[in-house]
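Note sheet for the following structure.
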Amino acid sequence: MIKKLLKFVIILFLVIFVIGVVGTIKDASDGGGDSRTTLPPSKSNSTESLAGSHKFGLSEAERRRIFLDNVSAQDELDKLAEQKYPSDPVQVLQSGRTLRLTIKTPLMPEPNPDDSLAAIARIKYLPPQTVVKSLREEKRYGNLWFYVEARTGGQKYRGWINSSALIKQIDRDFFMSQMKKQGDFTGDYSKTNTQVCNKYNITPEQLKSIVIEGIRKQWLK
């Protein structure tokens with residue numbers, strides 16, 4: 001009886017052991033195998049790279065050319081605005097407009113005189129608020145001179161003003177007024193934006209996206 005019982009226990013133990021081994025093998029084939037599965041190479045990186053190089057049907061080189069062309073067009077419009085509404089004192093006189101002096105300014109009898117001492121004795125100093133207008137300009141030894149008519153205190157004077165004497169002639173109200181006029185002239189650059197869009201057959205939204213991309217990627221460098 002004891003031998004039969006012992007034999008039954010041994011058989012039961014063997015059955016349990018076999019079931020456990022089979023279960024382990026099945027788990028390894030179902031779960032463990034997946035963690036070691038090598039996936040096929042992903043194409044996402046190459047797709048993203050292609051999307052980055054081509055946008056709106058344009059390569060990055062083409063978008064960069066559009067960006068630089070747009071910047072150049074805006075620069076030209078800025079220059080035109082500065083010529084039309086100059087804020088720099090030298091440009092004001094060169095444009096034929098009158099300039100109100102803000103500091104005491106020497107009015108020379110002649111540009112680059114041979115006798116400097118004699119010329120110094122004949123210098124007329126124009127006070128602030130004197131209004132001057134260029135009648136002509138000359139370049140002497142690399143220096144730009146303006147032959148002007150000056151009006152101050154009910155008097156008129158004529159003589160030469162060196163362009164270097166105009167550097168600090170800043171009339172704040174005049175400067176701000178000219179800057180506003182320049183801003184009104186250029187506006188939001190819609191004129192140049194339209195020209196660039198028409199030239200490259202793109203929409204304003206696409207141009208805006210290209211401009212943002214150009215700034216982010218520092219295409220001006």
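What follows is calculated from the coordinates using simple rules that are stated; it is not laboratory data. Values in this document were obtained by computation on a predicted structure and should not be read as measured data. So basically every Cβ, Gly included, is an ideal-geometry build from the backbone, and we count neighbours across all protein chains shown.
Of note:
- Label point distance in nm, LYS84-TYR147, each placed 7 Å from Cα along Cα→Cβ: 3.2
- Couplings for the range 96-113, taken from phi via the Karplus curve 6.51 cos²θ - 1.76 cosθ + 1.60 with θ = phi - 60°, read x, 7, 7, 10, 9, 6, 10, 9, 4, 10, x, 10, 8, x, 7, x, 6, x Hz in order; Gly and Pro are left as x.
- On the basis of the beta-carbon distance and an R0 of 22 Å, LYS156 and GLN91 show a calculated FRET efficiency of 0.40.
- Residues ILE161, ILE66 arranged by fewest to most Cβ contacts within 10 Å: ILE66, ILE161
- Exposure proxy order (Cβ contacts within 10 Å, fewest to most) of THR203, THR102: THR203, THR102
- Calculated P(r) tail over 13 Å for the range 103-168, as whole % of Cα pairs: 61
- Ranked for footprinting exposure by Cβ neighbours inside 10 Å, fewest first, ARG63, ARG97, ARG216 give ARG216, ARG97, ARG63.
- Theoretical FRET efficiency, 1/(1+(r/R0)^6), r = Cβ-Cβ of GLU138 and GLN195, R0 25 Å, to 0.05: 0.05
- Sequentially through the range 152-169, phi angles give Karplus couplings (6.51, -1.76, 1.60; θ = phi - 60°) of 7, x, x, 10, 10, 9, 10, x, 10, 10, 6, 4, 5, 6, 9, 4, 9, 7 Hz, Gly and Pro residues having no value and appearing as x.
- Residues in the range 73-85 carry Karplus couplings, in order, of 5, 5, 4, 5, 5, 4, 5, 5, 5, 5, 5, 6, 10 Hz; the curve used is 6.51 cos²θ - 1.76 cosθ + 1.60 with θ = phi - 60°, and Gly or Pro positions show x.
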